[in-house]
Amino acid sequence: MRALVTGGLGFIGSNFILELIRKYPSIKITNLDAKLSGSNVKNLHEVEKNKRYSFVHGNITNQKLVDKLVSTSDVVFNFAAESHVDRSISNPKPFIESNIVGVYTILEAIRKYQKKLIQISTDEVFGSLKKGSADEDHNLNPSSPYSSSKASAELLVHSYHVTYGADVLITRCTNNYGPRQHQEKLIPKVIMLAKNNKKIPIYGSGKQVRDWIFVTDHCEAIMRVYEKGKSGLSYNIAGHNELDNNTIVRKILKMMNRPFDLIDHVQDRPGHDFRYSMNSSKIERELKWKPRYDFERGLRDTISWYMKNEK
């Protein structure tokens, strides 16, 4: 298999590439990444010289470049995205360009060369849920420029299947955590601040609920969708670890033997969704996938990785 992975220097994309290299000895991977804010070249230092891996510096909005790379690939895994909600609120434009225009560019290429696309999406497209969990048929109800751009991408992807018969699948995942995540995100930020005994800001009451999944479980789910998923469908990927932010921070502080008085509640951000939750019974039932990591184990492994890889 010849796989084009976009955004492969980012958190989930880099972990996905490492999983592919480890588990699929015949695979050849091209990583297209623009080296923007979420990218880190050190994430893939261990495979830089691997003959089955190659890197291309470029943007998914570059139609000529994307056409060239898609034409020599069998499948595209699109991880490339602007993904930080706070930055989408202060400046939405990069999110529109990457998450909508970029996806359109990839769709045009896979339509032209008749290739397969796995579009990586997010539970945030469903918006905040007071109760229950969103299944694949739940209405899209995004509330931030980030989640709106991802929902827009989903609609585009679906339209290319209906209109052109494009071979596409969508995966939506809950909050990922694990090695190689950018320090602007909650768990790595808390780990590094706690390590240095610095105050840890928590938005508002800290009672906002997210479902957490270890990044390796997410990567395995994506490959299961690639191998066994039905073209044109979407698959929700949940970790079954719904916890509020206060609980997450306190768990980390306890594991790191740091005092709870490092916690500093700050003004909440605009339009902060209170709770995300997805029903993943479809992928568990039809594709026989389930997460393997429990949250305590995954969190300990994550803390250990950041302690050993601060640079």
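The values are calculated or read from the model by the stated rules, or taken from the named source; none is laboratory data. Note that the structure is a prediction, hence the values are computed from the model and not measured. Neighbour counts are summed over all protein chains in view; Cβ atoms, including those assigned to glycine, are modelled from backbone coordinates with ideal geometry. Surface accessibility is based on the protein's heavy atoms, side chains included, excluding ligands, DNA and RNA. Shrake-Rupley method; radii C 1.70, N 1.55, O 1.52, S 1.80 Å.
All other residues whose Cβ lies under 15 angstrom from that of K311 are scored, Lys and Arg at +1 and Asp and Glu at -1, for a net of +2. Expressed as a whole percent, the accessible area of the chain that falls on carbon and sulfur atoms is 49 (1.4 Å probe). Computed over protein heavy atoms with a 1.4 angstrom probe, the accessible surface ordering of E286, E220, largest first, is E286, E220. Close amide H pairs (under 5 Å, H built 1.01 Å from N) link Y53 with I29, residues at least 5 positions away or on another chain. For the stretch 202-311, the Kirkwood estimate of the hydrodynamic radius, built from every pair of different alpha carbons, is 16.0 Å.
Across the stretch 1-60, Cα-Cα distances exceeding 13 Å account for 54% of all pairs. Across the protein chains, with a 1.4 Å probe defining accessible surface, the residues W212, W305 rank W305, W212 from largest area downward. Rolling a 1.4 Å probe across all protein chains gives S234 an accessible area of roughly 20 Å². Multiplying the residue separation of K288 and H265 by 0.36 nm and removing their Cα-Cα distance gives an extension gain of 4.2 nm. The alpha-carbon of K112 sits under 22 angstrom from the alpha-carbons of these lysines, leaving out residues fewer than 8 places away in its chain: K28, K64, K68, K230. Measure out, as a whole number of angstrom, how far apart the alpha-carbon centroids of the stretch 238-263 and the stretch 118-185 sit. Going from one Cα centre to the other spans 26 Å.
In this structure, H182 and E97 have a Cβ-Cβ separation that, at R0 = 22 Å, corresponds to a calculated FRET efficiency of about 0.70.
Across all directions, the average projected area of the convex hull around the alpha carbons of the stretch 97-173 is 5.0 nm². Its DSSP H runs of at least 4 residues, each contributing -39,500 (n - 2.57), put the calculated 222 nm mean residue ellipticity of the chain at -11500 deg cm²/dmol, to the nearest 500. Among the trypsin sites (Lys or Arg not before Pro) within the stretch 97-137, those in coil by DSSP and having at most 12 neighbouring Cβ atoms inside 10 Å are K130, K131. Think of a 1.4 Å ball rolled over the protein heavy atoms: the stretch 1-87 then has 46 Å² of accessible area per residue. For the stretch 161-311, a simple Cβ point-charge model (Lys and Arg +1, Asp and Glu -1, everything else neutral) yields a dipole of about 340 debye relative to the Cα centre. Residues within the reach of a label modelled at W305 (point 7 angstrom out along Cα to beta-carbon, backbone nitrogen below 13 Å), restricted to the stretch 30-49, are 43-45.
Full extension of the segment from K130 to S54, taken as 0.36 nm per residue of separation minus the current Cα-Cα distance, would add 22.9 nm.
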